[in-house]
Amino acid sequence: MNLITIEGIATYRPLSSNIPTARVEPFIREAHDLDLRELLGVDLYDKVVEDISPMNYLDLHPYLIPVLCYRAFARFVKSNRITLTSNGVVGKVVEGSQQSNSTDVHAIVSSATEAAMVYEQRLVEFLNTNYADYPEWLKCKHSKRSGSIRISAAGNKEGLS
């Protein structure tokens, strides 16, 4: 089950209302399966996703939701420039617009990734402080007992990746 929607992402970063939900859903799934699962560890991730409802894990929502929204947004922006067609990979051009250059796209992706990392650090701090309420967190490699997660800026010193 996904904890966020395209509408949820739009509360953090502007998205056109013309973007089909099906175009964003793969990036939402990747944010869950690749980013959040890695951050929380399998045991806590499985518990949160299986038990999630409007009444469960309300204390985690202010941390989980922004992480997922920013990670999904960054993944979407990074991949949205291309479309796979029966003729191969193409960049679509719409009348009255032109595609952004790769520097602009990289800046947007980097900004969203940096925001996600800030929210991830807040989540880790919250879980480290409240580890007694989340025993699955103690098994995670980022937990208080095994050290802490280290988050640094995306890209190298020159800002290139």
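Structure summary
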| quantity | calculated |
| --- | --- |
| HIS61 paired with SER79, simple spin-label distance in nm, labels 7 Å along Cα-to-beta-carbon | 2.8 nm |
| FRET efficiency, SER16 to ASN87 (Cβ-Cβ, R0 41 Å, nearest 0.05) | 0.95 |
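Just so you know, all these numbers are worked out from the coordinates, no wet-lab data involved. Remember, it's a predicted structure, so these values are computed and weren't measured experimentally. With ideal geometry, Cβ positions are generated from the backbone for all residues, glycine too; neighbour counts draw on all protein chains shown.
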